[in-house]
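Everything on this sheet refers to the single structure shown next.
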Amino acid sequence: MQVKFLGATETVTGSKHLLITEKGRQILLDCGLYQGMGSRTPELNERIGLNPPEIDAIILSHAHIDHSGNLPFLVRQGFRGKIYCTPATAEVAEILLQDSAHIQESDIRFLNKLRQKEGLELLKPHYTAKNAEDTIDLFHPVDYHTSFAINDEISFMFTDAGHILGSAAVNIIAKENGKTTRLAFSGDIGRYTDMLLKDPERFPQADYIICESTYGDRLHEKTESAEQHFLDVVKKTCLEKKGKLIIPAFSLGRTQEIVFVLDKLKNAGLLPDIKVFVDSPLSVSATDITRKYVYSLNDSLQEYIKKDPDPFGFQGLVYIQKKEDSMRLNEYKQPCIIISASGMMEAGRVKHHIAHNISDPRNTILAVGYCSPNSLGGKILRGDKQVRIFGQELEVRAEVESIASYSAHGDYEEMLRFLDCQDKSLVKKVFLVHGETDTKEVWRTTLLDAGFGEVVIPHKGEVIAL
Ligand SMILES: [Zn+2]
């Protein structure tokens with residue numbers, strides 16, 4: 001078997017690794033969109049380095065767009081095989097891909113209006129809502145811990161990666177000409193302190209591991225202090241300054257985690273008497289799916305729901321779907337918390353809330369996840385005094401806070417713990433993907449120090465025989 005590294009090599013987005021068997025079959029691990037790569041982004045997402053009709057099957061580690069978001073483009077280009085993923089991933093990917101298609105279509109509509117005026121040729125979206133629908137039809141859910149044979153050469157089993165609802169590490173067994181090769185693909189590795197998800201799980205011994213590297217050079221703040229920090233920010237903003245607390249949060253995962261923290265604070269009588277708005281149709285759908293899979297969440301949550309059956313609902317919490325209701329929040333004069341997507345503040349309703357509130361010193365913008373340096377969130381976090389939103393230069397007078405420990409990615413200690421189930425002497429090579437170049441160098445040294453014999457940083461397009 002050979003593996004060809006096609007994405008997330010020099011960066012953290014565009015996850016895509018192609019397995020080519022002895023019989024010439026092609027199995028693709030993930031098919032993510034590149035995001036936030038500036039003017040190179042469209043080309044990176046169109047020149048994918050493979051011929052979609054030739055791919056036999058796709059195995060999807062989890063629903064995040066940087067892992068699933070280019071699937072509809074593959075379908076548009078003629079891919080008709082099955083897409084294997086866990087049942088929760090299938091449901092989450094459905095809403096995320098529909099949303100992604102909607103963004104692609106509306107971005108192009110906006111661009112085409114300008115191009116039409118200038119007499120330029122009109123552009124087509126990268127993919128459409130129809131392509132996303134056709135993609136969803138190809139999903140084939142496979143439960144965790146179930147060995148599944150794709151063909152006579154390749155079988156796989158999902159184990160829980162603890163990163164988002166439904167996320168999995170993919171454990172592949174290839175049987176070719178009497179030789180067995182065991183390859184583990186980590187997907188994205190979660191935390192051992194997640195408030196909702198189970199810990200990343202032990203996975204079967206592998207000969208080769210494709211491992212993520214996002215926080216390969218960093219340690220996170222501990223969660224206990226993060227919860228206190230969060231309450232301090234709420235009190236300072238909403239009680240002392242009578243302002244609004246704007247929390248840009250990814251729809252799935254972070255939003256439910258923040259709502260759950262607020263639910264706990266409410267039950268403990270610690271939350272000030274203010275309204276909390278979750279303003280995003282996608283976040284509402286993602287919360288509904290999380291409620292459906294609540295049995296798959298961790299033990300402490302199972303204990304919690306014995307006392308409070310709805311960990312994502314409390315008095316004063318309002319979920320907003322309609323655009324009119326969202327716009328009405330601009331006129332809401334009371335102190336409140338607004339949780340809205342997207343996490344990097346680049347798109348979605350949160351951008352409107354930031355535009356509306358960023359120049360008032362009573363307010364706070366609280367980042368609770370990773371923001372790439374070029375995103376609006378990145379600029380606000382690094383302390384820019386002015387930002388451009390919807391063509392307007394706005395002064396940043398609101399307070400800016402961040403709580404990094406709500407990240408869904410494990411830090412390097414957590415990733416080492418995840419890998420600790422392996423007999424390192426049996427692992428022939430570890431391939432590092434999904435990380436910035438400098439981070440991967442540090443992570444590589446850490447893994448070598450931990451006892452792994454060979455750690456490789458593959459380049460984009462590199463083919464390595466296993
Ligand atoms: Zn992810």
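Listed values, structure above:
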read-out	value
Selection status of residue 13, part of a loop (DSSP other than H, G, I, E, B), buried (at least 20 other Cβ atoms within 10 Å of the Cβ), away from the ligand (no atom under 14 Å from the Cβ) and outside the structural domain of residue 251 (by TED's automatic domain parsing)	no
Filtered residues of region 160-179 (kept if of a type in the set (S, T, N, Q) and either within 16 Å of the ligand (Cβ to nearest atom) or under 16 Å from residue 3 (Cβ atoms) (or both))	167, 171
Total residues in region 411-446, condition touching a Lys or Arg at 6+ places or on another chain (Cβ under 7 Å), acidic (Asp, Glu) and in a loop (DSSP other than H, G, I, E, B)	1
From the options 32, 24, residue that is assigned to a loop (DSSP other than H, G, I, E, B), outside the structural domain of residue 289 (by TED's automatic domain parsing) and more than 16 Å from the ligand (Cβ to nearest atom)	24
Filter result for the condition that a residue is within 20 Å of residue 298 (Cβ to Cβ), surrounded by fewer than 19 Cβ atoms within 10 Å (Cβ to Cβ) and of a type outside the set (Ser, Thr, Tyr), over 198, 242, 179	198
Single residue of 232, 199 found to be more than 16 Å from the ligand (Cβ to nearest atom) and assigned by TED's automatic domain parsing to the domain that holds residue 435	199
Residue 399 vs. criteria loosely packed, with under 15 Cβ neighbours inside 10 Å, in the same structural domain as residue 348 (by TED's automatic domain parsing), over 21 Å from residue 217 (Cβ atoms) and of a type in the set (Asp, Glu)	no
Close pairs (7 angstrom Cβ cut-off, 6 or more residues apart or separate chains): free of Cβ contacts under 8 Å to residues at least 40 places away in the same chain and on the phi < 0 side of the Ramachandran plot in region 155-175, aliphatic (A, V, I, L, M) and in a strand (DSSP E or B) anywhere	155/149; 155/173; 171/157; 171/184
Region 348-374: number of residues that are part of a loop (DSSP other than H, G, I, E, B) and either surrounded by fewer than 16 Cβ atoms within 10 Å (Cβ to Cβ) or in contact with a Gly (Cβ under 9 Å, 6 or more places away or on another chain) (or both)	12
Tabulated pairs, region 440-461, first in the same structural domain as residue 421 (by TED's automatic domain parsing), second of a type in the set (Lys, Arg), C-beta under 6 angstrom, 6+ apart or interchain	451/424; 452/424; 454/429; 455/444; 456/429; 457/440
Wholly within region 157-262, strands (runs of 3 or more DSSP E) carrying at least 3 residues that are within 30 Å of residue 275 (Cα to Cα) and not β-branched (Val, Ile, Thr)	244-248
The one condition in (1) at pLDDT below 95; (2) not in a strand (DSSP E or B) that residue 388 fails to fulfil	(2)
Which listed residue is without any contact (Cβ under 8 Å) to a residue 12 or more places away in the chain and hydroxyl-bearing (Ser, Thr, Tyr), from 39, 15	39
Residue match in region 86-104 (condition: under 20 Å from residue 44 (Cβ atoms) and not aliphatic (A, V, I, L, M))	yes
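The values are calculated or read from the model by the stated rules, or taken from the named source; none is laboratory data. All of these numbers come straight from a predicted model, not from anything done at the bench. All Cβ positions, even for glycine, are placed from backbone atoms using ideal geometry, and neighbour counts span all protein chains on display.
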